[in-house]
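For reference, the structure discussed in these notes is given below.
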Amino acid sequence: MENILHSKIVGEGKPLLILHGFFGMGDNWKSLANKFAEENFEVHLVDQRNHGRSFHSEEFNYDLLVEDLYKYIQYHNLDKIDLLGHSMGGKTVMLFATKYPEVIDKLMVADIAPKVYPPHHQDIIRALNSIDFSIHSTRKLIDAKLSELIPQMGVRQFLLKNTYWIEKGQLAFRFNLKSLTENYEEIIKSLPVGSVFNGNTLFLRGGNSQYILDEDAPLLNAHFPKYSLETITNAGHWLHAENPKDFYEAVINFIK
């Protein structure tokens, strides 16, 4: 069927859908998915449009990402799902929950608030657009070029996971860099004023991250009256990768 999001499904039981962040893919969550599967969850690692193995499109905004997700849920006949989104994926699941509350049992949002963020990915976008695959023909050469603008090795490794061989000797990115570059303003937008989800909601933030601040509490409460907030220590924005043990425990305690 055309334009159904690609996913990897692990385990069986209650559906738990996980949505990755900007320039990520479901695969980033594989090891956590296996742990959730052991607790009788059917874990869906979903690739959002223009990411991973899902379809590419010139159009990209949260309304479309929400409709993609709703189509996916209907296609797989899922109901009363637990839904977890990180960063950009967190914005998708927040908006989804306000539009389709009846589908959701519990909502989890990892290290993002329902507010506008100042643009902060310019170096990454510039670095990715500086790659010329006819010159940068190995992952080592791509990494060296990216390092000119991205000093953090962890960020480069995360981005390099998106490279693959389209043919012998020819690398490419899985994500749709052109569309993500052109639609970047959409990524940092806030949740629309007045949109509310009255179900159980858990916000998780990294102890070393500045994405969810204490002063965001009234905003979280306005959109998600039944929210709670957990801080994952020794972790920044990629809290699920930096402290998977505490992240896993916080999530499983909430959904069990």
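The values are calculated or read from the model by the stated rules, or taken from the named source; none is laboratory data. It should be emphasised that the depicted structure is a prediction, and the values quoted were computed from it without experimental measurement. For neighbour counting, all protein chains shown are included, and Cβ atoms are generated from backbone atoms with ideal geometry for every residue, glycine included. Side chains are part of the model used for accessible areas, which takes the heavy atoms of the whole protein and leaves out ligands, DNA and RNA. Shrake-Rupley method; radii C 1.70, N 1.55, O 1.52, S 1.80 Å.
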How about the stretch 1-52: which GluC sites (Glu not before Pro) there are in a DSSP loop, with at most 16 other Cβ atoms within 10 Å of their Cβ? E2, E12, E38, E39
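Could you work out the equivalent-ellipsoid semi-axes for the chain, taking the square root of 5 times each eigenvalue of the Cα gyration tensor, largest first, in whole Å? Each step should come with its number before you reach the end.
Numbers: eigenvalues 165, 83, 67 Å².
Taking √(5λ) for each eigenvalue gives 29, 20, 18 Å, largest first.
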Arrange the residues R205, R139 by how much accessible surface each exposes, largest first, with a 1.4 angstrom probe. R139, R205
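Provide the gained length on full extension for the span D63 to K99, in nm with one decimal, where the gain is 0.36 nm per separating residue minus the Cα-Cα distance. Please report the intermediate quantities before stating the final value.
On the way: separation 36, 0.36 × 36 = 12.96 nm, distance 0.98 nm.
Stretched out fully, the D63 to K99 stretch lengthens by 12.0 nm.
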Of K30/K106; K8/K161; K71/K140; K8/K245; K80/K178, which pairs sit farther than 27 Å apart, going by alpha carbon to alpha carbon? K71/K140; K80/K178
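Report the extension gain between L141 and S179 in nm, rounded to one decimal, defined as 0.36 nm multiplied by the number of residues separating them, less their alpha carbon distance. Write down the numbers at each step before the final one.
Numbers: separation 38, 0.36 × 38 = 13.68 nm, distance 2.40 nm.
Contour length minus the Cα-Cα distance gives 11.3 nm.
Consider all pairwise Cα distances in the stretch 90-156 and report the whole-number % of them above 13 Å. Mind dumping the intermediate values first?
Details: 1592 of 2211 pairs.
That tail contains 72 percent of the Cα-Cα pairs.
Counting only Cα atoms, I'd like the Rg/Rh figure for the stretch 1-48, Kirkwood definition for Rh. Show your work: numbers first, answer last.
Values: Rg = 10.7 Å, Rh = 10.8 Å.
Using only Cα positions, Rg/Rh for the stretch 1-48 is 0.99.
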What share of all Cα pairs of the stretch 162-256, in percent, falls into each consecutive 5 Å distance bin? 3, 11, 14, 14, 16, 15, 13, 7, 4, 3, 1
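Restricting to DSSP loop positions (anything but H, G, I, E, B) with no more than 14 other Cβ atoms inside 10 Å of their own Cβ, which trypsin sites (Lys or Arg not before Pro) remain in the stretch 23-79? Kindly include the intermediate steps, with their values, before the conclusion.
Working: sites: K30, K35, R49, R53, K71; in loops: R49, R53.
Passing both the DSSP loop test and the Cβ count: R53.
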Provide the solvent-accessible area of D27, counting protein heavy atoms only and rolling a 1.4 Å probe, rounded to the nearest 10 Å². 60 Å²
Just to be sure I understand the model, the point goes 7 Å from the Cα along the line to the Cβ. What's the resulting E12 to M153 distance in nm? 4.3 nm
In a Debye calculation with equal point scatterers on the alpha-carbon sites of the stretch 7-97 and no solvent, what is log10 I(q)/I(0) at q = 0.16, 0.24, 0.26 Å⁻¹? -0.57, -1.30, -1.49
